[in-house]
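Report on one structure; see the data block that follows.
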Amino acid sequence: MAAKPSLKIKGKGKGSKGSSSSSSKYELFKEWTNWSLKKAKVATQYGFIPLIIVVGMKSDPKPHLFQLLSPV
């Protein structure tokens with residue numbers, strides 16, 4: 001099962017308190033961006049072949065499923 005991103009902000013030691021709000025928003029944005037790109041990559045990998053089959057089945061000369069899956 002995939003790990004869910006946590007909404008807790010992880011501190012990296014002592015730093016200036018003035019820029020912590022903007023850097024924490026940036027870190028949260030970066031974390032959610034990485035998480036969503038990983039999910040999009042998995043969806044693309046598992047959805048590409050079924051998409052090609054569906055598009056091929058809706059073409060004008062209706063091929064059989066075997067004709068779509070065969071390399072010739």
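Between Ala40, Ala2, which is within 19 Å of the chain's Cα centre (by Cα) and modelled with pLDDT of 85 or more?
Numbers: Ala2 fails: modelled with pLDDT of 85 or more.
Only one candidate qualifies: Ala40.
Residue check, Gly47 against (1) of a type outside the set (Phe, Trp, Tyr); (2) modelled with pLDDT of 90 or more; (3) open to solvent by 90 Å² or more (accessible area, probe 1.4 Å), all met but one. Which one?
Only one criterion is unmet by Gly47, namely (3).
Give the number of residues within the range 6-37 that are in a helix (DSSP H, G or I) and either of a type in the set (Ser, Thr, Tyr) or modelled with pLDDT under 75 (or both). Before you say what the answer is, go through the steps one by one.
Step one: list which residues in the range 6-37 are in a helix (DSSP H, G or I), which gives 20-37.
Those left that are additionally either of a type in the set (Ser, Thr, Tyr) or modelled with pLDDT under 75 (or both): 20-24, 26, 33, 36.
Final tally of qualifying residues: 8.
The values are calculated or read from the model by the stated rules, or taken from the named source; none is laboratory data. On a predicted model such as this, the values are computed, not experimentally measured, just so you know. Calculation scope for accessible area: heavy atoms of the full protein, side chains included, ligands and nucleic acids excluded. Shrake-Rupley method; radii C 1.70, N 1.55, O 1.52, S 1.80 Å.
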